[in-house]
Amino acid sequence: MAQNQTATSPIEHPAPARGEIGVAALAFGLIGAPASWAAHFLMNVTIASRACFPGSQPSSLASAAALAHALILTIDGLATLTACAALAISYLAWRSTAHEKAAKQRHGSRPEHAAEVGEGRTRFIALGGILMSSVFIVAILFDTLPAIVTPACGQ
């Protein structure tokens with residue numbers, strides 16, 4: 001009896017697109033780029049410091065500096081690709097939840113009402129992923145620039 005009444009109820013779930021996008025995809029879209037930036041930053045600092053200053057004196061081996069430089073650029077490239085993948089996943093999730101926005105406009109809900117009941121939260125998380133990924137892609141590219149324009153270990 002209760003199922004029949006629920007099935008005919010005009011009230012929609014507050015997050016109608018919650019099943020369309022996986023939680024893992026939303027999580028990767030939201031934290032993939034920041035995690036990629038953090039990992040790349042820590043690896044670059046570790047590699048550069050150990051290759052250029054293995055002890056208390058600077059290294060005089062050009063091969064170690066060249067290898068470290070190539071490794072740093074590879075890590076920068078992988079971090080950029082990972083952050084771009086997070087951006088793409090967030091964008092696709094945002095686009096596929098466009099009907100949440102259309103449903104809110106059809107029902108004429110106010111922004112205050114949307115915040116109270118959680119309407120459009122899947123779309124909001126996807127938009128947050130777009131913004132976070134964009135910011136961290138810029139951060140990764142700014143961190144990559146010195147590795148491109150300066151010689152390895154200043155040699």
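Read-outs: derived from the displayed coordinates by stated rules, not from any lab. Note that the structure is predicted; figures quoted are calculated from it, not measured. Counting neighbours? That spans all protein chains shown, and the Cβs are built from the backbone with ideal geometry, glycine included.
The fewest-to-most ranking of 96, 90, 56 by surrounding Cβ atoms within 10 Å reads 56, 96, 90. The stretch 118-155 and the stretch 21-67 have Cα centres spaced 14 Å apart. Over all other residues within a Cβ to Cβ distance under 15 Å of residue 71, the charged ones net out to -1, with Lys and Arg as +1 and Asp and Glu as -1.
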